[in-house]
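Asker: Dropping the structure in here first, questions after.
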Amino acid sequence: MFVPESPKDAIRLQKELAGKVVICPLPANFRFLGASDLGYFSLPAGDRGKDRFCVAVILVFDWPDLNLVDEASHVASVTFPYVPGLLSFREVPAMLEAWRKLCIKPDVFLCDGQGIAHPRGIGLASHLGVILDIPTVGCAKKRLCGTHDELPLQKGSRTPLFFQGRQVGVVYRSRTGVKPLYISPGHRADIDSSVKVVEKCIGKYRIPEPLRQAHRRAADLTRKAKLFRSSEILC
DNA sequence: GCGACAG
DNA sequence: ATCTTGTCGC
């Protein structure tokens, strides 16, 4: 039951995995930070026009300089539908394949999605962290669940994100006037150290630099993969 | 029953 | 996420 057949099975598995999530400070010192993202594409009209694929990308940077030191990617077919709260079942499989291809395994991993700021306490970052048993941090561009006070427009401002009476993360304004980020621990991380890592990754833009670069790489590879597979079908 | 709803 | 052109603003 590694890959659930239905959303119902997925939720059952989530509740099981949620019990394995560990909340503790991230390593005080570490050498490599990983960041991942996915791109999706479908083939042009035709018999297989509805097939969906995804490209998972993982970038590894040295810390705290953030120079790119390794990279891996993997193309796979999408096997699970997008359901809010079940995103990890769509993205984790391809991510694990990309992880296998890395030469340098990062010490801390940044994910494009929620950590424990999730209805069942196990968003994408937590799920991946538990499966690989590595420290992960969730950094989402939108809120999935929870409530919070209004946030000042100045960059650097933050406010706790609460869910069911307890703090699950932080809403963080990475740049003045932009929409905030939703930061929460994934696995083997806590709220404070998660925010600190993300904070140190903010460059000139809203999205932390490692995730931003992973996103660009994923977009590039997705475009290439689509062209390649399209031309293969024509032959 | 009516909204909300990561990517 | 993805499909898509121009366009308002710093």
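Asker: For q values of 0.12, 0.25 Å⁻¹, compute log₁₀ I(q)/I(0) with the Debye formula on a Cα-only model of the range A:120-214, without solvent.
Answerer: Results for the range A:120-214 at q = 0.12, 0.25 Å⁻¹ read -0.34, -1.40.
Asker: What size of dipole, in debye to the nearest 20, comes out for the range A:1-86 about its Cα centre when the only charges are +1 on Lys and Arg C-beta atoms and -1 on Asp and Glu C-beta atoms?
Answerer: Using only the charged Cβ atoms, the result is roughly 420 debye.
Asker: Moving on. If each residue's Cβ is checked for other Cβ atoms within 10 Å, how do A:58, A:207, A:134, A:183 rank with the fewest at the top?
Answerer: The most exposed by this proxy come first: A:134, A:207, A:58, A:183.
Asker: Right, another one. Could you quote the convex hull projected area for the range A:182-235, Cα atoms only and averaged over all directions, in nm²?
Answerer: One quarter of the hull surface, i.e. the mean projection, equals 5.3 nm².
Asker: So, one more: Report the calculated FRET efficiency for residue A:219 and residue A:67 (r = Cβ-Cβ distance, R0 = 22 Å), to the nearest 0.05.
Answerer: The calculated FRET efficiency here is 0.55.
Asker: Treating the beta-carbon of each Lys and Arg as +1 and of each Asp and Glu as -1, no other charges, what is the dipole magnitude of chain A about its Cα centre, to the nearest 20 debye?
Answerer: The calculation lands at about 560 debye.
Asker: Still on this model: Would you mind calculating the relative contact order of chain A from Cα pairs under 8 angstrom and at least 6 residues apart, reporting the percent as a whole number?
Answerer: 21
Asker: Taking every pair of Cα atoms in the range A:9-146, average 1/r, invert it to obtain the Kirkwood radius, and report Rg/Rh to two decimals.
Answerer: 0.99
Asker: In which sequence would A:42, A:88, A:36 go, from the one with the fewest C-beta neighbours within 10 Å to the one with the most?
Answerer: Exposure proxy ranking, most exposed first: A:42, A:88, A:36.
Asker: Let me ask something else. State the answer as a single residue: which of A:103, A:10, A:43 lies farthest towards the positive end of the charge dipole of the range A:1-114, with beta carbon charges of +1 for Lys and Arg and -1 for Asp and Glu, about the Cα centre.
Answerer: A:10
Asker: What are the semi-axes of the equivalent ellipsoid for the range A:68-189, taken as the square roots of 5 times the Cα gyration tensor eigenvalues, largest first, in whole Å?
Answerer: 26, 17, 13
Asker: So what's the net charge close to residue A:213: Lys and Arg +1, Asp and Glu -1, counting the other residues with Cβ under 12 Å from its Cβ?
Answerer: -2
Asker: Kirkwood Rh, Cα Rg: Rg to Rh for the range A:32-81?
Answerer: 1.20
Asker: Compute the angle between helix A:7-18 and the longest alpha-carbon principal axis of chain A, please, reported from 0 to 90 degrees and rounded to the nearest 10.
Answerer: 40
Asker: Regarding chain A, what whole-number volume in Å³ per residue does the convex hull of its Cα atoms give?
Answerer: 130
Each reported figure results from applying straightforward, stated rules to the coordinates on display, with no laboratory input. Just so it is clear, the model here is predicted, and its values are computed rather than measured. Because the Cβ atoms are built from the backbone with ideal geometry, glycine has one as well, and the counts that use them run over all protein chains shown.
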